[in-house]
Amino acid sequence: MKQIRTKFFTALISSALLLALPTMADTSTETKALEPFELRFLLKAFGLSGEAIIRLQPTTASNGYEYSSTTQAKGLARVIRPNAASETSTFHMQGDTLLVDEYNFDSGSGDKLEDSYARFDRDAGIVYSNHQEDIATVPLTDGMLDRMSADLQVTLDLQAGRSPESYTILHRNSVKTYTFTYERSEQVTTPAGTFSALKYRRKRKGSSREALIWYAPALGYQPVKVVQFKRGKPNGTLRLKAYRFGLEATP
């Protein structure tokens, strides 16, 4: 049960939180500065609870950013996972294109077999990936993202008036394709308030998992609620608790 819950908590946060950025105009090739932000989500799964903190902040690299997620279990869940799990994508913007530099996932368990790392080498056209201490080289194709940066790309597409369709993602030494299907508009009530939202279904071919995601246009197309399913049954929920924009960069 410990292993199952550990994988669920980290997978739900890292693959289901598809977060927004300030609007970027798609009529110019000029590279735009992205505004830092912080968002907090409540997590419920297996009758246990936790909190996810998502941050975007600039780095010292030219047009560079760090997008990070920290998940901390609460209450009894801390018996299962006392340490926080973290996931980070560093990337840079070229015009309105997001280009991944590195990706890192630390489960917080101390077990390296649960961690992942990837370096996107654009000069060589290769992604050097390490999952469960198994090193792989994967051809780097146009538009390839990691799990965190894919979250940002979904939001950028929504802001530009493009409906999310499919995304190519490097995940655990292999390439996956995630597809999005628009369902309808709905009102969603969360601890952060009630929002009009666009409801999308996210799926991956051959997987028993899928997610419903509600994006709020009033909040720059941030997701305000996520429900994850396995074999058609809900097994976890994320709800927006709080948010703020324009943070100062932190070390």
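The values are calculated or read from the model by the stated rules, or taken from the named source; none is laboratory data. Everything numeric in this text was worked out from a predicted model, so none of it was measured. Using ideal geometry, Cβ is built from the backbone for each residue, glycine included, and neighbour counts are taken over all protein chains shown.
Reported count of residues in segment 87-142, each being assigned to a strand (DSSP E or B), over 21 Å from the mean Cα position of the chain (by Cα) and either surrounded by fewer than 12 Cβ atoms within 10 Å (Cβ to Cβ) or of a type outside the set (Val, Ile, Thr) (or both), is 5. For segment 126-166, a residue qualifies if it is within 17 Å of Leu219 (Cβ to Cβ), in contact with a Leu (Cβ under 9 Å, 6 or more places away or on another chain) and of a type in the set (Asp, Glu), and exactly one does: Asp151. Restricting attention to segment 195-218, the residues that are touching a strand residue (DSSP E or B) at 6+ places or on another chain (Cβ under 8 Å), within 16 Å of Lys230 (Cβ to Cβ) and polar (S, T, N, Q) total 1. Screening the candidates Leu156, Leu145 for the property of being at pLDDT 90 or above and either charged (D, E, K, R) or within 17 Å of the chain's Cα centre (by Cα) (or both) yields one hit, Leu145.
Have a look at Arg202, Arg244 and point out the one that is in a strand (DSSP E or B), under 14 Å from Phe41 (Cα atoms), touching a residue at least 24 places away in the same chain (Cβ under 8 Å) and in contact with an Asp or Glu (Cβ under 8 Å, 6 or more places away or on another chain).
Values: Arg202 fails: under 14 Å from Phe41 (Cα atoms).
Matching residue, one of Arg202, Arg244: Arg244.
Residues in segment 69-80 that are touching a helix residue (DSSP H, G or I) at 6+ places or on another chain (Cβ under 6 Å) and modelled with pLDDT under 80: Ile80 alone. Of all residues in segment 178-199, those satisfying the criterion of being within 19 Å of Phe41 (Cα to Cα) and part of a strand (DSSP E or B) are Gln187, Val188, Thr189, Thr190, Gly193, Thr194, Phe195, Ser196, Ala197, Leu198, Lys199. Could you count how many residues in segment 162-177 are among the small types (Gly, Ala, Ser) and part of a strand (DSSP E or B)? Final tally of qualifying residues: 2.
Candidates in segment 169-190 are the residues that are among the polar types (S, T, N, Q) and in contact with a Leu (Cβ under 7 Å, 6 or more places away or on another chain); of these, the one that is surrounded by the most Cβ atoms within 10 Å (Cβ to Cβ) is Thr190.
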